[in-house]
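Take a look at the structure below.
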Amino acid sequence: EVQLVESGGGLVQPGGSLRLSCGTSGFTVRQFCVGWFRQAPGKEREGVASIQSGGATTYYADSVKGRFAISEDNAKSTLQLEMNDLKPEDTAIYYCAANPICVPGKFGTVAGFRYWGQGTQVTVSS
């Protein structure tokens with residue numbers, strides 16, 4: 001059974017950093033398409049960053065390029081999202097997601113991912 005569990009969310013000041021982790025089970029992370037998404041109140045869930053084959057290919061939303069970094073730790077079967085220079089607009093529930101393959105044209109899109117975690121809240125505020 002594929003399971004995803006996010007952790008690491010919390011309250012951070014603007015300009016600060018936070019690292020999210022996603023513990024997984026039931027699949028091999030390196031062999032799946034995995035990614036991070038976020039959803040702010042009243043907004044659609046959006047792709048933040050996705051990764052394939054341990055970093056062979058990556059996707060970042062324009063809003064987080066240069067600030068966030070996605071990575072896999074295959075030994076620990078975890079997915080990480082390093083977030084730097086956080087801004088109030090980064091406030092959202094963050095979800096990790098996985099799919100057996102990266103679907104062409106849907107890399108970084110909600111429709112391209114079958115399995116989802118429960119989400120972890122990230123709040124950026126002073």
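The values are calculated or read from the model by the stated rules, or taken from the named source; none is laboratory data. Everything numeric in this text was worked out from a predicted model, so none of it was measured. Using ideal geometry, Cβ is built from the backbone for each residue, glycine included, and neighbour counts are taken over all protein chains shown. The accessibility values were calculated without ligands, DNA or RNA, using every heavy atom of the protein model including side chains. Shrake-Rupley method; radii C 1.70, N 1.55, O 1.52, S 1.80 Å.
Quick notes
- Rolled with a 1.4 Å probe across the full set of protein chains, the surface gives LYS87 an accessible area near 70 Å².
- Heavy-atom accessible area, probed at 1.4 angstrom with all protein chains present, ranks PHE107, PHE37 as PHE107, PHE37, highest first.
- With DNA, RNA and ligands ignored, accessible area of SER7 (1.4 Å probe; Å², nearest 10): 60
- Counting only aspartates and glutamates at least 8 places from LYS87 when in the same chain, those with an alpha carbon closer than 18 Å to its own are GLU46, ASP62.
- Calculated P(r) tail over 25 Å for the chain, as whole % of Cα pairs: 15
- Charge tally around GLY112: other residues with Cβ under 14 Å, Lys/Arg +1 each, Asp/Glu -1 each, net +2.
- Rounded accessible area of LEU81 (nearest 10 Å², 1.4 Å probe): 0
- Within straight-line cross-link reach of LYS106, lysines at Cα separation under 26 Å, skipping those fewer than 8 residues along the same chain: LYS43, LYS65
- Net charge over other residues, Cβ less than 15 angstrom from the Cβ of SER126 (K, R count +1; D, E count -1): -2
- Charge sum, other residues only, whose C-beta stays under 13 Å from GLU6's C-beta, Lys/Arg counted +1 and Asp/Glu -1: +2
- The modelled label-to-label distance between VAL110 and LYS87, using points 7 Å beyond Cα along the C-beta direction, is 2.2 nm.
- Dipole magnitude (debye, nearest 20) for the chain, charges at Cβ of Lys, Arg, Asp, Glu: 120
- Springs join every pair of Cα atoms under 10 Å in this Gaussian network model of the chain, and among GLN52, GLN80, GLN13 the largest mean-square fluctuation is at GLN13.
- 3J(HN,Hα) from dihedral phi, the range 62-79, Karplus parametrisation 6.51/-1.76/1.60, rounded to Hz, x for glycine, proline: 4, 5, 10, 4, x, 10, 10, 9, 9, 8, 10, 10, 5, 5, 9, 6, 10, 10
- 3J(HN,Hα) along the range 31-40, derived from phi through the Karplus expression 6.51 cos²θ - 1.76 cosθ + 1.60 where θ = phi - 60°, amounts to 8, 9, 8, 10, x, 10, 10, 9, 9, 8 Hz, with x in place of Gly and Pro.
- Gained length - THR57 relative to ILE101, 0.36 nm times residue gap less alpha-carbon distance: 14.6 nm
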